[in-house]
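Beneath this line is the structure, given in structure tokens, with notes to follow.
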Amino acid sequence: MTENRSPSSFLRTIGWEDGHVVILDQTRLPGEQRDVRLRSAEDAWEAIRSLRVRGAPLIGVTAAFGLYLGMVEALEHRDADLADELERCIDYLATARPTAVNLTWALHRAAREIAPFVSAGRETVLDQLLAFALRLLDEDIATNRAMGTHGLPLLEGKSSVLTHCNAGWLATAGYGTATAPLYLMRERGYALPHVFVDETRPVLQGARLTAWELSRAGFDITLICDGMAATVMDQGKVEAVIVGCDRMTASGDFANKIGTLGVAIIAAQFGIPFYVVAPFSSIDFSLASGREIPIEERHPDEVRRVGSAVVAPDVPVFNPAFDVTPARLVSAIVTERGVITPPLPEGLDRLRRRTEQPSHQEQRS
């Protein structure tokens, strides 16, 4: 097994190295680029919950490795029941974060693929779980590159784009989702658009992660406060908006980092195309509309503090991690299987019907 399965040495967000799962601790960025080893399902759960790894695709890959680690630990006990322990580990890891559907998608897919091997014994199950996690890592890189290929024509010729949060390399095993077209443009020698990066309060994923990542990769960027997006659009400085997705419904409504809804409304006001990049694994066909998406609420101190500085002690806080953007504000959805344009529900249904992959509802039955 190779130690670094990323397509280049640009960034390794997660990997399998010397018998260990290694992640890039994103809570340390941009000040420190530090790797952390995961040794248990609890380590993987904490890494997902604490945002050491974040971004829907990377959460799914981390969960797959966490399932392997959890089963290694569980099967050290000779009286452990394989099927029971597998179910227990899946249920535990699924509680790490509720909104990003890739978490449960990866865990339920692992359960389906491992089921035929349960009767073969412990070593076979562990071998298959590790092989699944490594395969999911490789698939994520290929999926993101395919989304980049499909999304590139939407950005070709654009002099400037705006993105929110981090749907970049750091949110995946490679290339990113919303940034995948940009990385493909760079690889193929296209003229690169200027990128406006929203800071993304309250955890500042745009300022800490996207600005660092894209600058490091050689893109021309401008960091702006979230409240400045309307001004740069009004001044004609933005020709397209491109964002990622944590969960999309059958209607095309989708959840993404808090603040995305506001950006979409502003883009619609100024007639700027608003693109969403979502792997098929982030589309939850069991949900009819965005009102059904569970929205994670995080600790109030994320709002009360900026870094280590307390700016609003002891005040009530509402801190949803995501908001839901309605399909009517979306110009196109980019998936690894092509681009979907309005009417989005019909396009998503055609995508679902022509794929061999079962829907999320089927996966959970």
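Read the figures in this text as sums done on the coordinates, not as results from a lab. For clarity, every value in this text was computed on a predicted model and none was experimentally measured. Don't worry about glycine lacking a Cβ; one is built from the backbone with ideal geometry, like all the others, and counts go over all protein chains shown.
The magnitude of the dipole of region 104-210, with charges of +1 and -1 set on the Cβ of Lys/Arg and Asp/Glu and taken from the Cα centre, is near 160 debye.
When the Gaussian network model of the chain links Cα atoms closer than 10 Å, the mean-square fluctuations of W212, W45, W105 top out at W212.
Working note: Cα gyration tensor of the chain, eigenvalues times five, square-rooted, sorted largest first, giving semi-axes of 33, 23, 20 Å. Between rounded, prolate and oblate, where does region 209-268 land on the alpha carbon gyration tensor, with a ≥ b ≥ c its root eigenvalues, rounded for a/c under 1.5, else prolate if a/b exceeds b/c? Oblate, since a/c reaches 1.5 and b/c is not below a/b. So how tilted is helix 344-354 from the main axis of the chain? Cα-based, degrees 0 to 90, rounded to 10. Between helix and principal axis, roughly 30 degrees.
Rounded if a/c is under 1.5, else prolate if a/b is larger than b/c, else oblate: which is region 150-363, with a ≥ b ≥ c the root eigenvalues of its Cα gyration tensor?
Values: a/c = 1.65, a/b = 1.14, b/c = 1.45.
Oblate is the answer for region 150-363, as a/c is 1.5 or above yet b/c matches or exceeds a/b.
Stokes-Einstein diffusion of region 143-237 at 37 °C, 0.692 mPa s viscosity, Kirkwood radius from Cα pairs, rounded to a whole number: 248 µm²/s.
From least to most packed, judged by other beta carbons within 10 angstrom and beginning with the fewest, D323, D284 follow the order D323, D284. Distances between placed amide hydrogens fall under 5 Å for R305 paired with V311, all partners being 5 or more residues away or on another chain. Seen against the Cα atoms of the chain and their longest principal axis, helix 122-155 is set at about 10 degrees.
Sorted from greatest to least, the principal axis extents spanned by the alpha carbons of region 62-191 come out as 62, 26, 19 Å. Annotation: amide H of I221 within the under-5 Å range of V195, sequence separation 5 or more or interchain, hydrogens built in the peptide plane.
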